[in-house]
Structure formats: structure tokens, C-alpha cells
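Below is one structure, written out as C-alpha cells; comments come after it.
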Amino acid sequence: MDLLLTYDVDTTNADGARRLRRVAKLCEGYGLRVQKSVFEIVTDEADLLRLLARIDDIINAERDSIRIYRLPAGGLADVRTLGIAQVQSHRDDLVL
Amino acid sequence: MSLELLNTLYVQTQGADLRLEEDSVRVRLPEATARRVLPLRRIDAIVVYGHVNLSTELITRCAQDARSITWMSGGGRFLGRLDGAVRGNVLLRQAQHRALADESVSLEIARNVVAGKIRNSRWIILRTARDAAPPAREEMRTVAATLAEKIDTVASAADVDTLRGIEGDSARLHFAAFRHALRPADGIPPFERRVRRPPTDPVNALLSYLYGMVRGMVHGAAEQVGLDPYVGYLHGIRPAKPGLVLDLMEEFRPVLADRLALTLLNRRQLRAEHFEELAGGAVQLTEDGRAVVIREWQEARQQLWEHGLAGRSVPAGLLPVMQARLLARHLRGDLPGYLPWKVTA
């Protein structure tokens, strides 16, 4: 399934900055970062549950906000971009 | 690992640096300011070509997760492979041997290999016939028509020996047409027919050299996918003869090697001074000649070709890997047959 994950972690203190870093690192293991706090993720139900549990362990429920949108099938391949944004491929072999 | 279809990460940029960062791999390419972070979860194999650094943490993590890492030389030769503890392709190799033992299965694979080669040979002949002078053009089109008939006989060939006969006839026809497409520089005698071991004229020397390049690339692909390069279906098994590599390279010969030979000779990038005759009559490329071929070969490896089955374009250097994977999927029973790569462009 294709997901879009966005987060807003309160960084007004050092603990918040640490949580922000940990959330970002965690998400990097699941998907591709397309904006500073937006990730495109391709995954299955089991991994999604794992991701949710791990985020839940990191964030402060009083101050941080995470939103995950489930896109229609193939939704990540159907993105319109403006500016410097680039369409990233999720289901192709990568040649660098 | 995820139920989603996973991807292979190929790194061919020289000087690239790959490190493990939690559950992701961080790729730094020289000259690129931005780093790329890719989730390991979505990658089931990493293949690196030439001078690419992988951190020990990344290598051990891949071993732990049974994610394969394959090291290839910059030119596409197989160097080594890490498979982790639990995998190992014994089942694939077993399937490969079983298919060889089953006459109907191996005949079918050999048929498709031959059909693929003839089809791609026809393509290049028709393609180059457009630029040929009228009498040669007619002859090339006649050959193409005969080759089309040969493809029909492939389907009814009763055994592998018959197939080898059809393959030999088609190759002769192919080179008879190829002769008309060549307009080499002064001092290079016109191409008459394919001569190997040893090649005794410049055009044959060039063809032999390019086939060697294709062979190295295909051998690497077979190893990378975990197939036994020495168990072939059209070429069977013989000591020290990589039968499967010879099978898989057939469909690539006309398009990747013969076509490049045409370009190099017709554009005068290779001239008489790039070849030398050895005592005994064998002809080979000089060191300068080899440098020209290697440079152009590296470029040709990056050229994109349509892959009908994958539905996208693929660099020439990765076509053999895709085909080796298709064969592996057929041998494992996931695909009803082996489908050779068909050039369209």
C-alpha cells in the first residue's frame, strides 16, 4: 500500500529536537523523504503496525502530531510537482 | 521482510559511498551535494560495480537480513557475492539441473533462446538495410524474410540438435547480410564470413572481442542471480564451457555486439592501424584499438533499451540480469516459459 506520512514535532526544547531526529531516522527506514517532514512510504499491513508502534514510543502525545494518509493503489506514482520537487520511484530497481 | 515486491539497488557511479544508518542505507555520490537515503526494507539486493565503498556495518547488516550483495568489476565481470546465512541458491540450481534432465523443458528453453537470437538478428538486418545501397538492400531483406521462416521452424524442432542446426544456418545468413552493412575504412579487407579461434581478419577480431565483452556481462548476471553458469540448455554441459552463459548471450549478440561493431567500423572509429596481425595469421586489436572499443562499450552499456515484459526501459548493462531473473523465475515454476528479450526501438 502507498502511504503519505507527515509529522510535526515540537522542537522548542532539546528533548523535542531529539524526538524529531528519532522520528526522522525511523521514517527513513520505511520510506523516502520528499519534504523536510513528509515521507512517501510503500509498505504492507504488518510493517505499518510496526512503524506506528515505534513512532508511538518516540513521540510526546501532548506536543507532537503525526498524520498518515493511505493513498489509492499506485497513488505514489501519480504525483504532480512544482518547483524543485521530484517524483521518486518506489517500485523500480534503483540505478545510481 | 515486506510482502511488497522489493527492488535491487545497483550502484555504478565510481567513488560512491554506502553506509548503514539505522534501518536505511545512505548513499553519497561524488559530485552530488544531496545524499540519498533509501530504506533497506524496500531493497532485497545490492549490486555494486567497480570502485564503490560499502561500510562494514552495512555489509554485516545485509548478511544478517539475507539481503544479497554482489560485487562486479567496473566492466561487469562477476567478482563475488554475499548471500547471508539462510539463503543460498541450492534450490534454484537444483531446478536448473532438473530442467536439463527433463527433455521437454530444456528443449522449450533452447527453442526460445534460438528464436530470440534470430528475432533480434532480423531486427538489426532490417534496421541497417534502410541505409544500404539498393542491390544490397534487396539481399538483406531477402535474408530477413528467410530468417522469419527459420523462426517458424524453431517451434517445430524435435530436438536440441535440430535447433543447433537452425541456429548455425541463421548465423550464417545473419553474417551474409551483415557483410552488406559494413563500410570499413581503407586497409580493412571486406568481411566475408565469421571466422573464430583465431579470427584471421580485423572484422572478425573485433566481433570476437565484443562477444567476449557480452559474455563477461552475461556470466556476471547468471552468477548474480544465483544460476549455475555452466548448466546450459541449448549449449548443454561440457567441462569448462559456461553453457548457460552461451545460451543467454545469444539474444544479445546481434544488438549489443554486432551493432556496435558496425558503428565502430562505419564511423571510422576503428581503422586499419587499430589491428595487428600475429605470427600464424591471427588478427587482434592493438592496445589503442582496445581502448577505443572499451570506451564505446562502457557507453553502450548505459544506453537505454525498451524491455517489453518489464514495461520500461533498462540500460543495456542490466538487460542480462533481467533475463537471468526471468529464466530463474521460469525454472522455479513462477513463469510458464523463458521469454527472451525482444529488441524494439
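Within segment B:22-45, residues that are within 7 Å of chain A (Cβ to nearest Cβ) reach partners that are open to solvent by 20 Å² or more (accessible area, probe 1.4 Å) and β-branched (Val, Ile, Thr) with beta carbons closer than 7 Å, at six or more positions or on different chains, in the pairs B:Ser24/B:Val37; B:Leu29/B:Thr13.
Which of the following residues is open to solvent by less than 40 Å² (accessible area, probe 1.4 Å), over 23 Å from B:Leu210 (Cα atoms) and aliphatic (A, V, I, L, M): B:Ala155, B:Ala129, B:Ala133, B:Ala63?
Residue meeting the stated conditions: B:Ala63.
Among the residues of segment B:170-188, write down those that are open to solvent by less than 60 Å² (accessible area, probe 1.4 Å) and of a type outside the set (Gly, Ala, Ser).
Hits for segment B:170-188 are B:Leu173, B:His174, B:Phe175, B:Phe178, B:His180, B:Leu182, B:Pro184, B:Ile188.
Segment A:1-93 holds strands (runs of 3 or more DSSP E) entirely within its bounds, and those carrying 3 or more residues that are surrounded by 11 or more Cβ atoms within 10 Å (Cβ to Cβ) and more than 12 Å from every other protein chain (Cβ to nearest Cβ) map to A:2-8, A:65-70.
Sort out which residues of segment B:123-139 are among the aliphatic types (A, V, I, L, M) and not in a helix (DSSP H, G or I), and write them in order of number.
Hits for segment B:123-139 are B:Ala132, B:Ala133.
Filtering segment B:177-191 for residues that are under 24 Å from the mean Cα position of the chain (by Cα) and closer than 22 Å to B:Gly243 by Cβ leaves an empty set.
Could we say that B:Arg290 is open to solvent by 50 Å² or more (accessible area, probe 1.4 Å) and within 13 Å of the chain's Cα centre (by Cα) here? In short, no.
Filtered by the rule that a residue be open to solvent by less than 40 Å² (accessible area, probe 1.4 Å) and in contact with a Ser or Thr (Cβ under 6 Å, 6 or more places away or on another chain), segment B:249-282 gives B:Pro254, B:His274, B:Gly281. Checked against (1) assigned to a loop (DSSP other than H, G, I, E, B); (2) open to solvent by 40 Å² or more (accessible area, probe 1.4 Å); (3) of a type outside the set (Val, Ile, Thr), B:Gly337 meets all criteria but (2).
Taking each residue of segment A:84-95 that is touching a residue at least 12 places away in the same chain (Cβ under 8 Å) and looking for partners that are open to solvent by less than 90 Å² (accessible area, probe 1.4 Å) and in a strand (DSSP E or B) with beta-carbon atoms closer than 6 Å, six or more apart or interchain, yields A:Gln88/A:Leu32; A:His90/A:Val42. If you go through segment A:3-19 and keep only what is at pLDDT 90 or above and not hydroxyl-bearing (Ser, Thr, Tyr), you end up with A:Leu3, A:Leu4, A:Leu5.
The values are calculated or read from the model by the stated rules, or taken from the named source; none is laboratory data. This one's a predicted model, so the numbers in the text were calculated from it and none came from an experiment. When we count neighbours, we look across all protein chains shown, and the Cβ atoms used for this are built from the backbone with ideal geometry, even at glycine. Surface accessibility is based on the protein's heavy atoms, side chains included, excluding ligands, DNA and RNA. Shrake-Rupley method; radii C 1.70, N 1.55, O 1.52, S 1.80 Å.
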